[in-house]
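Taking it in order: structure first as structure tokens, then the write-up.
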Amino acid sequence: MRAAVLTEPGTIEIRLIDRPLPADKVAVTTKAAGICGTDIHAFGGHNPFLTFPRVMGHEIAGTVAAVGSEVTGIRVGERVVGNPYAECATCRTCRRGHPNLCPDLTVTGVHSDGGFAEQAYVSPRQLYSLPLSVDLDTAALVEPLSIGAEAVTNGNVQADDRVVIIGAGPIGLACLAFAVERGATALVVDRIPGRLERARELGAAAVVNTLADDPDDRVKAFTAGVGADVVIEAVGAKETIEAGLRWFGPAGRYVLLGLYDGTVELPTFTAMRLGLRFTASRLNRGRFPECIEYLRTHPHVTSLVTHQIALEDLQDTLTLLTRRELEACKVMVQLH
């Protein structure tokens with residue numbers, strides 16, 4: 001089968017590879033696989049968990065081509081989407097209901113080969129059936145949607161909340177989708193006009209372009225001077241994290257979702273005075289079924305997919321994304 005193999009940072013080779021199907025795995029013929037920030041970081045050599053050579057791609061949708069001899073309950077031809085996160089299921093953290101925090105967690109496309117290939121080998125417990133009404137070309141959106149659903153759940157977003165979402169990339173927009181689904185009123189902060197327009201289409205009550213407006217003033221106006229009930233930070237930068245810490249109101253909930261390897265200043269007195277509840281959100285805990293149903297009943301969310309490319313174009317596309325020379329929301333690699 002053809003596969004896009006990351007041989008070293010910045011270099012992808014299209015290779016023909018042949019490997020046996022393990023007895024405990026399922027072969028999924030990849031229809032489409034999404035490009036995520038994780039892939040961009042790995043392409044640039046900034047993922048310490050990835051070793052070379054590696055087939056990246058953890059947002060996978062396709063059909064079952066074969067099942068290993070030890071696999072039951074899955075049939076050939078079944079339409080599926082893959083949850084890339086595999087926990088051990090036996091440690092104390094997993095047993096306490098936090099599989100997303102498992103110390104032995106592995107990720108398809110990082111620790112093992114992923115979906116940027118004509119077939120991916122996946123554990124059966126990571127696969128979820130798709131209804132016929134969900135298009136395989138966009139079904140891989142279920143994975144980023146699950147990240148947003150988890151963050152909104154961790155923020156305990158309620159119907160009358162005023163929510164500020166920092167970042168209008170695929171993950172920030174997934175947070176928006178589920179915040180709106182819960183009946184909250186949301187303001188989205190970003191600096192890319194196309195992303196802010198998509199936020200409006202997905203139900204944002206207001207948007208702020210930080211290159212044109214003062215976000216502090218806009219958040220103050222949006223919350224009538226009280227501050228946000230929930231702030232979700234989906235960028236992962238010092239300045240955006242600290243901005244969010246200026247925007248919460250009484251009993252505010254702050255959800256840290258963007259990845260940032262650094263330190264920030266916490267306004268401890270203000271946090272204490274206003275009763276700030278601060279949480280970090282990582283991956284998802286069993287959110288795939290609800291996200292599959294959301295995608296089925298809200299097909300407009302497929303507008304997040306702005307580009308579709310062939311496997312042979314992956315190197316050039318990742319180069320453009322790394323240089324920020326391609327304005328895209330979600331890029332899908334089409335395999336079949």
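One table, with the values for the structure above:
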read-out: Hits in the stretch 307-336 - residues which are assigned to a loop (DSSP other than H, G, I, E, B) and not basic (Lys, Arg); value: GLU325, LEU326, GLU327, ALA328, CYS329, LEU335, HIS336
read-out: Residues located in the stretch 44-74, provided they are among the small types (Gly, Ala, Ser), surrounded by fewer than 16 Cβ atoms within 10 Å (Cβ to Cβ) and assigned to a loop (DSSP other than H, G, I, E, B); value: GLY44, GLY45, SER69, GLY73
read-out: Flag for ALA168 being among the hydrophobic types (A, V, I, L, M, F, W, C) and in the same structural domain as LEU259 (by TED's automatic domain parsing); value: yes
read-out: Test set (1) of a type outside the set (Lys, Arg); (2) in the same structural domain as ILE166 (by TED's automatic domain parsing); (3) surrounded by 14 or more Cβ atoms within 10 Å (Cβ to Cβ) - THR268 fails condition number; value: (3)
read-out: Selection within the stretch 237-278 - within 24 Å of THR38 (Cβ to Cβ), among the β-branched types (Val, Ile, Thr) and in contact with a strand residue (DSSP E or B) (Cβ under 9 Å, 6 or more places away or on another chain); value: THR240, ILE241, VAL255
read-out: Any hit, the stretch 59-68, residues being within 22 Å of THR306 (Cα to Cα) and touching a Leu at 6+ places or on another chain (Cβ under 7 Å); value: yes
read-out: Some residue of the stretch 170-193 being assigned to a loop (DSSP other than H, G, I, E, B), under 26 Å from LYS31 (Cβ atoms) and either in contact with a helix residue (DSSP H, G or I) (Cβ under 8 Å, 6 or more places away or on another chain) or without any contact (Cβ under 8 Å) to a residue 12 or more places away in the chain (or both); value: no
read-out: Within the stretch 90-143, tally of residues that are without any contact (Cβ under 8 Å) to a residue 12 or more places away in the chain and within 25 Å of LEU257 (Cα to Cα); value: 6
read-out: Flag if LEU173 is within 17 Å of CYS329 (Cβ to Cβ) and touching a Lys or Arg at 6+ places or on another chain (Cβ under 8 Å); value: yes
read-out: Residue count, the stretch 307-321 (criterion: under 16 Å from GLY169 (Cβ atoms) and free of Cβ contacts under 8 Å to residues at least 60 places away in the same chain); value: 2
read-out: Subset of the stretch 15-30 (residues that are within 18 Å of ARG2 (Cα to Cα) and either surrounded by 14 or more Cβ atoms within 10 Å (Cβ to Cβ) or among the aromatic types (Phe, Trp, Tyr) (or both)); value: ARG15, ILE17, LEU21, VAL26, ALA27, VAL28, THR29, THR30
read-out: Options PRO53, PRO48: the member that is over 21 Å from the mean Cα position of the chain (by Cα), closer than 19 Å to THR11 by Cβ and of a type outside the set (S, T, N, Q); value: PRO53
read-out: Which listed residue, of ALA212, ALA234, is outside the structural domain of SER303 (by TED's automatic domain parsing) and within 25 Å of TYR294 (Cβ to Cβ); value: ALA234
read-out: Those residues of the stretch 125-154 which are within 20 Å of VAL207 (Cα to Cα) and small (Gly, Ala, Ser), in sequence order; value: GLY148, ALA151
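Matching residues to (1) under 17 Å from GLU87 (Cβ atoms); (2) of a type outside the set (Ser, Thr, Tyr):
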{"site": "PRO103", "(1), (2)": "yes, yes"}
{"site": "SER112", "(1), (2)": "yes, no"}
{"site": "ALA117", "(1), (2)": "no, yes"}
{"site": "PRO124", "(1), (2)": "yes, yes"}
{"site": "LEU127", "(1), (2)": "yes, yes"}
{"site": "SER133", "(1), (2)": "no, no"}
{"site": "LEU136", "(1), (2)": "no, yes"}
{"site": "LEU145", "(1), (2)": "no, yes"}
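The values are calculated or read from the model by the stated rules, or taken from the named source; none is laboratory data. From a predicted model like this one, the values you see are computed outputs, not experimental measurements. Please note: Cβ atoms are built from the backbone with ideal geometry, for glycine as well, and neighbour counts cover all protein chains shown.
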